[in-house]
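Quick notes on the structure that follows.
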Amino acid sequence: MNKQSFLEKLNNVLFPHYSCPFCGRETKDGVVCKSCNHNKINANFCVKCGEHILDNEKICYICKDLERVFDSNYSCYEYNEETSGAIMALKYNDKKYLAKDFAKILFERFKTLDLHIDIVTSVPMSVEAQKKREYNHAAEIAKEFCKLADLKYEDLLAKIKSTPRQAELGRDERIKNLVGSFAIINKQIKKNKNILIIDDVFTTGSTMTACATELKKAKPNKVYCLTVTKTKNPEM
Ligand SMILES: [Zn+2]
Ligand SMILES: [Zn+2]
């Protein structure tokens, strides 16, 4: 270790400072800086998908006409130009440390929800994809989240079919793309349990629907989703 990095490390221990995961600005308290916090979804949200909606509404226009297999999704920030860079950096640029920041964000949101969770899990990646990327970013976030929330983490699902990247597909194609691509690992012990699935982004919800469909075969009580970000519903 060279002298400078030792001093830097010592300085960080004595005078800790944090930087916003989305923009890198220094923050004195909290995780996300004031400027990025305007992307937070915290006022009124759809009871099914977590979309930010008008105060007098309970459910968004998409969920009204759609069967959501999971019980509810909760998202913390809107996925947009300002927030997507950090998500990509964790996924593709080896910035694994961001998982801790995202876990803190999820935990802050989780504390405001009255959920009783027995098992936390994450959206799995295929074996090949994980080998290539070396870690599953969603599992990293979920494991860090469990440390903060004092909950049990378990891999409950496996991705048994490699599928084209969801980002390149439309809504109907996304659902078709994912049918039969997840499988539950060990059905026995999930009966009557409340399960929480963690992921980085909620887009159309087709990934969570596919995961929840598989998990529901084990007859859990509830399947909730908690995601760091959510893409805004398209304009009607
Ligand atoms: Zn920021
Ligand atoms: Zn909705």
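Of note:
- Among (1) modelled with pLDDT under 90; (2) assigned by TED's automatic domain parsing to the domain that holds Cys63; (3) outside any helix (DSSP H, G or I) - the single one Pro220 does not satisfy: (1)
- Listed by first and then second residue, the pairs with beta-carbon distance under 7 Å, at least 6 apart or on different chains, first residue in the stretch 47-71 and free of Cβ contacts under 8 Å to residues at least 24 places away in the same chain and assigned by TED's automatic domain parsing to the domain that holds Val223, second more than 16 Å from ligand 1 (Cβ to nearest atom) and among the charged types (D, E, K, R), are Ile59/Lys48; Cys63/Lys48.
- Residue match in the stretch 67-87 (condition: at pLDDT below 90 and either more than 25 Å from Ala139 (Cα to Cα) or not aliphatic (A, V, I, L, M) (or both)): yes
- Identity of the residue in the stretch 152-205, among the hydroxyl-bearing types (Ser, Thr, Tyr) and surrounded by 14 or more Cβ atoms within 10 Å (Cβ to Cβ), that ends up modelled with the lowest pLDDT: Thr163
- Among the residues of the stretch 106-127, those identified as hydrophobic (A, V, I, L, M, F, W, C) and under 18 Å from Ser72 (Cβ atoms) are Leu106, Phe107, Phe110, Leu113, Leu115, Ile117, Ile119, Val120, Val123.
- Remark: Ala218 falls outside the filter, which requires a residue to be crowded, with 20+ Cβ neighbours inside 10 Å, farther than 17 Å from Leu106 by Cβ and hydrophobic (A, V, I, L, M, F, W, C).
- Boolean, Thr209 is part of a helix (DSSP H, G or I), surrounded by 15 or more Cβ atoms within 10 Å (Cβ to Cβ) and at pLDDT 90 or above: yes
- Residue that is farthest from ligand 2 (Cβ to nearest atom) [pool: residues in the stretch 202-235 that are closer than 27 Å to Glu81 by Cβ and touching a helix residue (DSSP H, G or I) at 6+ places or on another chain (Cβ under 6 Å)]: Val228
- If you check Cys46, Cys36, Cys63 for being surrounded by 14 or more Cβ atoms within 10 Å (Cβ to Cβ), out of contact with any helix residue (DSSP H, G or I) (no Cβ under 7 Å at 6 or more places or on another chain) and modelled with pLDDT of 90 or more, only one passes: Cys63.
- Among the residues here, Ser122 qualifies as surrounded by 22 or more Cβ atoms within 10 Å (Cβ to Cβ) and more than 16 Å from ligand 1 (Cβ to nearest atom).
- Filter pass, Gly24 being of a type in the set (Gly, Ala, Ser), at pLDDT 90 or above, under 21 Å from the mean Cα position of the chain (by Cα) and within 13 Å of ligand 1 (Cβ to nearest atom): yes
- Residue list for the stretch 40-64, restricted to those being within 10 Å of ligand 2 (Cβ to nearest atom) and part of a loop (DSSP other than H, G, I, E, B): Cys46, Val47, Lys48, Cys49, Gly50, Glu51, Ile53, Glu57, Lys58, Ile59, Cys60
- Positions within the stretch 19-33 being farther than 22 Å from Lys91 by Cα and either surrounded by 15 or more Cβ atoms within 10 Å (Cβ to Cβ) or in contact with a Ser or Thr (Cβ under 7 Å, 6 or more places away or on another chain) (or both), in sequence order: Glu26, Thr27
- Top-ranked residue of the stretch 66-78 - restricted to ones that are part of a loop (DSSP other than H, G, I, E, B) and surrounded by fewer than 21 Cβ atoms within 10 Å (Cβ to Cβ), ranked as farthest from ligand 1 (Cβ to nearest atom): Glu67
- Scan of the stretch 33-55 for residues that are within 16 Å of the chain's Cα centre (by Cα) and within 13 Å of ligand 1 (Cβ to nearest atom), ordered by number: Asn39, Lys40
The values are calculated or read from the model by the stated rules, or taken from the named source; none is laboratory data. Predicted, not measured: the structure shown is a model, and the values here were computed from it. Because the Cβ atoms are built from the backbone with ideal geometry, glycine has one as well, and the counts that use them run over all protein chains shown.
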